[in-house]
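Since every read-out is calculated from the coordinates, none of them should be taken as a lab result. Bear in mind that the values here come from a model prediction, so they are computed numbers and not experimental data. Cβ: placed from backbone, ideal geometry, glycine included. Neighbour counts: every protein chain shown.
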Amino acid sequence: MKTGSNPVPAGKSLRGYHYDPQVRAAGLTPISSEVVAPPRVLECPNQLEAKLVRINPVMADEYDYSVHERSIECTVEGIVCLELTILRVHADPCILLVGDPNRIDPNLWRPLTMSSCRFYGSGRNLWSPGSREYRRVNIEVLMSIALGSSQ
């Protein structure tokens, strides 16, 4: 099994994980970021470079997380929100506002988002998983639907 964490956390190491840069493992091309250490992905037309500002707990409870079998891997407990500062934006020129290269035209940008294991583009549900289909989603088909190039 593979992980993008280097060094491999002790809990993952015990279960047989080894380090493998996940960008390459996914068949994608890593490219250098301009202001942060993690690489960007060449095949992704829009990218954000950011730094972690704060980890915000959003659900405090009395659950004893130390009893969880994977607790050795965890450095935070409960549900958290990550607060980031965006340091650099890389946007595909085809979605930039005409006459203002520092703004994205919302009429041209068609992001693909995931909510509750369902993929959405421009507010439409593009794909919902069946119990056995989930791992076989064809991301290229979803992207073509989101971009409006599907028949």
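Brief remarks follow.
- Additional length obtainable on full extension of the chain from Cys44 to Ser5, 0.36 nm per residue less Cα span: 11.9 nm
- Net lengthening on full extension, Leu112/Leu14 (0.36 nm per residue, minus Cα-Cα): 31.7 nm
- Backbone N within region 22-60 under 12 Å of label point (7 Å from Cys81 Cα along the Cβ vector): 55-59
- Sorted by Cβ density within 10 Å, fewest first, the residues Ser5, Ser116, Ser33: Ser116, Ser5, Ser33
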